[in-house]
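Enquirer: Take a look at this one; I'll ask things after.
Nothing in this text is a laboratory measurement; each read-out follows from the coordinates by a stated rule. From a predicted model like this one, the values you see are computed outputs, not experimental measurements. Neighbour counts run over all protein chains shown; Cβ positions are idealised from the backbone, glycine included.
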């Protein structure tokens, strides 16, 4: 009888702890802050370092403004833009890159006739089948 009483008390205790357990929220909101201030855009994967001139093709720019990438992407749904992934650190690039806050040099702006893209991306960190 003593074992049965212990078992009942243990079951009641477990039900009490279960009833008071906090409920988890289904949605998580993460504030990513402001987009990096980079003269030729920034990579679309963390840590969102500044990309060198020539990484992004001209379709990534609206006038002089970069349309964004990663969590700050504000291009159209279905957007596909060309990049030169040889200028990405994940592909071994170790060359010069601008620092945050530097200003763009007009002589370094890439036009469509001189851009050397080899990969299409969607602005959200994904490679897509595209027009490269």
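Enquirer: Can you order the peptides 53-63, 102-112, 79-89 by their average number of other Cβ atoms within 10 Å per residue, highest first?
Expert: Ranking the peptides 53-63, 102-112, 79-89 by packing returns 79-89, 53-63, 102-112.
Enquirer: So, in nm, how far is label residue 62 from label residue 37 when the simple model puts each one 7 Å beyond its Cα toward the Cβ?
Expert: 2.0
Enquirer: Let me ask another. Provide the packing ranking of 93-101, 119-127, 35-43, i.e. peptides ordered by the mean count of other C-beta atoms within 10 Å per residue, highest first.
Expert: 35-43, 119-127, 93-101
Enquirer: Another question, if that's okay. How much length, in nm to one decimal, is gained on full extension between residue 76 and residue 129, taken as 0.36 nm per residue of separation minus their Cα-Cα distance?
Expert: Length gained, residue 76 through residue 129: 17.4 nm.
Enquirer: Along its three principal axes, how long is the range 58-128 when you only count alpha carbons? Whole Å, largest extent first please.
Expert: Here the spans come out as 30, 29, 27 Å, largest first.
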